[in-house]
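Everything on this sheet refers to the single structure shown next.
The values are calculated or read from the model by the stated rules, or taken from the named source; none is laboratory data. For clarity, every value in this text was computed on a predicted model and none was experimentally measured. Backbone-built Cβ (ideal geometry, glycine too); neighbour counts: all protein chains shown. Keep in mind that these areas ignore ligands, DNA and RNA; they rest on the heavy atoms of the full protein, side chains included. Shrake-Rupley method; radii C 1.70, N 1.55, O 1.52, S 1.80 Å.
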Amino acid sequence: MKSIEILVTPNEKTIVSRLADGETADKIRQELDIPQGTFAIQLKAMREKYDVKNTTELVVLFLRGNIIK
């Protein structure tokens, strides 16, 4: 099985890293200047891409995979 690291985009890494640091999704999307609907779609797409049920599982996956610290 391939490491998920090769699948991770820089934008995904940035978003998940900031979520792991405790920032709210709303703060992240505002600072990245992403419309609310678009950001929600991006989070949903990431959860589907990495086959996780929620954003917490997404953060854990990235942490355990050493994608973020």
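Relative contact order of the chain, taken over Cα pairs closer than 8 Å and 6 or more residues apart, is 41 percent. Here the Karplus curve 6.51 cos²θ - 1.76 cosθ + 1.60, taken at θ = phi - 60°, turns the phi angles of the range 46-62 into couplings of 5, 4, 5, 4, 9, 6, 10, 7, 8, 5, 4, 5, 5, 4, 4, 4, 5 Hz, with x standing for Gly and Pro. Positive end of the dipole of the chain (Cβ unit charges, origin at the Cα centre): among 68, 11, 39, the Cα lying farthest that way belongs to 68. Residues considered: 31, 48, 57. Largest GNM mean-square fluctuation over the chain, using C-alpha springs under 10 Å, is found at 31. Per-residue ellipticity at 222 nm, computed for the chain from helices alone with -39500 (n - 2.57) per DSSP H run of at least four residues, works out to -18000 deg cm²/dmol.
Rolling a 1.4 Å probe over the heavy atoms of the protein chains gives the range 1-63 an accessible area of 66 Å² per residue.
Scanning residues 5 or more positions from residue 68 or on other chains, those with amide H under 5 Å from its amide H are 63, with H placed 1.01 Å from N in the peptide plane.
Using a probe of 1.4 Å, the accessible surface attributed to residue 8 totals some 30 Å² when neighbouring protein chains are kept in position.
Computed over protein heavy atoms with a 1.4 Å probe, the carbon and sulfur contribution to the accessible area of the chain reaches 52%. Note on surface exposure: 5, 23, 12 rank 5, 23, 12 by accessible area, highest first, 1.4 Å probe. Taking every protein chain into account, the 1.4 Å probe leaves residue 3 with about 60 Å² of accessible area, to the nearest ten.
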